[in-house]
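Enquirer: The structure follows.
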Amino acid sequence: MKPDDFEIVELGDPRLRQVARAVDVADLTSALAYADILQYWMDQRGGVGIAAPQIGVPLQMMIIASRPNARYPDAPAMAPLLMINPEPQNLSETHTALWEGCLSVPGLRGKVTRPEGLDVRFYDRTGQSRLLELTGFPARIFLHEYDHLIGKTFVDRVASPQDLVSEKVYLQQIIAAPSP
Ligand code: NI
């Protein structure tokens with residue numbers, strides 16, 4: 001199994017609409033092989049997160065990897081974290097709106113309102129169950145990637161079609177404009 005055996009699945013492909021199934025945590029051998037492929041494609045495309053359905057693998061796995069990069073210059077840095085069978089809990093009642101992009105939706109940005117923080121129960125790469133509190137940008141990445149596990153993308157989450165813009169307009173008109 002090597003990265004070139006896979007590709008980033010894009011919007012309109014039915015594989016992005018599948019609901020992912022749980023990973024058997026008793027044997028993580030194949031899941032960890034998929035994790036390497038996910039990491040490869042995330043790095044290759046400069047993403048800050050990726051979920052297994054995005055490489056056509058319908059398993060409940062994702063990597064979140066907040067870091068400053070060309071697409072998200074203000075992101076806080078964290079080591080890439082593999083999350084297996086993640087379960088969001090205690091979603092905060094405070095919501096924030098943020099422009100999101102997606103490796104599976106090239107050329108488009110969408111303004112999406114999501115809870116500001118949450119707790120996540122998940123299995124790590126050693127098969128250990130963990131509980132982690134996420135807030136701010138890492139919480140945002142998690143919720144975006146979690147959507148991929150239930151067959152959704154940010155396009156499904158915008159309040160109005162006017163909250164979808166091209167990457168060019170986003171770069172030239174939105175992040176260039178002073179925040180209100
Ligand atoms: Ni995405």
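The values are calculated or read from the model by the stated rules, or taken from the named source; none is laboratory data. This structure is a prediction, so every number in the text was calculated from the model and none was measured. Positions of Cβ are backbone-derived with ideal geometry, glycine not excepted, and every protein chain shown enters the neighbour counts. SASA here: full protein model, heavy atoms, side chains in, ligands and nucleic acids out. Shrake-Rupley method; radii C 1.70, N 1.55, O 1.52, S 1.80 Å.
Enquirer: Given the range 89-180, what strands (runs of 3 or more DSSP E) lie entirely inside it while holding 2 or more residues that are out of contact with any Gly (no Cβ under 8 Å at 6 or more places or on another chain) and of a type in the set (D, E, K, R)?
Expert: Per the criteria, 108-115, 117-123.
Enquirer: Considering (1) over 22 Å from residue 18 (Cα atoms); (2) in a helix (DSSP H, G or I), say which one residue 76 fails and leave the rest.
Expert: Answer for residue 76: the failing condition is (2).
Enquirer: Going by what's in this entry, would residue 49 be described as touching a Lys or Arg at 6+ places or on another chain (Cβ under 8 Å) and within 16 Å of the ligand (Cβ to nearest atom)? Walk me through how you get there before you give the answer.
Expert: Details: touching a Lys or Arg at 6+ places or on another chain (Cβ under 8 Å): no; within 16 Å of the ligand (Cβ to nearest atom): yes.
Against the criterion (touching a Lys or Arg at 6+ places or on another chain (Cβ under 8 Å) and within 16 Å of the ligand (Cβ to nearest atom)), residue 49 does not qualify.
Enquirer: Turning to a different aspect of this structure: Between a first residue in the range 148-175 that is on the phi > 0 side of the Ramachandran plot and a second residue that is open to solvent by 50 Å² or more (accessible area, probe 1.4 Å), which pairs have beta carbons less than 7 Å apart while being 6 or more apart in sequence or on different chains?
Expert: Sorted first by the residue in the range 148-175, then by its partner, the pairs are 151/17; 151/18; 151/19.
Enquirer: To continue, here is another question. How many of the residues making up the range 42-71 are surrounded by fewer than 19 Cβ atoms within 10 Å (Cβ to Cβ) and touching a residue at least 40 places away in the same chain (Cβ under 8 Å)?
Expert: If we filter the range 42-71 for residues that are surrounded by fewer than 19 Cβ atoms within 10 Å (Cβ to Cβ), which is where we start, we get 43-46, 56, 58, 67-71.
With touching a residue at least 40 places away in the same chain (Cβ under 8 Å) added as a condition, the list becomes 44-45, 56, 58.
Total meeting the criteria: 4.
Enquirer: Would you mind finding the one in 39, 54 that is of a type in the set (S, T, N, Q), within 26 Å of residue 167 (Cβ to Cβ) and touching a strand residue (DSSP E or B) at 6+ places or on another chain (Cβ under 7 Å)?
Expert: Being of a type in the set (S, T, N, Q), within 26 Å of residue 167 (Cβ to Cβ) and touching a strand residue (DSSP E or B) at 6+ places or on another chain (Cβ under 7 Å) holds for just one of 39, 54, which is 39.
Enquirer: Next question, about the same structure. Residues being in a helix (DSSP H, G or I) and open to solvent by 30 Å² or more (accessible area, probe 1.4 Å): count how many of those fall in the range 24-41. Explain how you work it out, then say what you get.
Expert: Just the residues of the range 24-41 that are in a helix (DSSP H, G or I), to begin with: 29-41.
When the remaining residues are screened for being open to solvent by 30 Å² or more (accessible area, probe 1.4 Å), the result is 29-30, 32-34, 36, 39-40.
Counting residues in the range 24-41 that are in a helix (DSSP H, G or I) and open to solvent by 30 Å² or more (accessible area, probe 1.4 Å) gives 8.
Enquirer: May I ask you to list the residues in the range 76-107 that are of a type in the set (Val, Ile, Thr) and surrounded by fewer than 19 Cβ atoms within 10 Å (Cβ to Cβ)?
Expert: Residues satisfying the conditions are 94, 96.
Enquirer: Taking residue 33 as meeting all but one of (1) of a type outside the set (S, T, N, Q); (2) in contact with a strand residue (DSSP E or B) (Cβ under 8 Å, 6 or more places away or on another chain); (3) away from the ligand (no atom under 16 Å from the Cβ), write down the number of the exception.
Expert: It is condition (2) that residue 33 fails.
Enquirer: Separate question: Name the residues in the range 1-23 that are out of contact with any helix residue (DSSP H, G or I) (no Cβ under 9 Å at 6 or more places or on another chain) and part of a loop (DSSP other than H, G, I, E, B), would you?
Expert: 12, 13, 22
Enquirer: Would you say residue 66 is among the small types (Gly, Ala, Ser) and at pLDDT below 95?
Expert: Details: among the small types (Gly, Ala, Ser): yes; at pLDDT below 95: yes.
So residue 66 fits the description; yes.
Enquirer: Looking at the range 94-136 only, could you name the residues that are within 13 Å of the ligand (Cβ to nearest atom) and of a type in the set (Asp, Glu)?
Expert: 100
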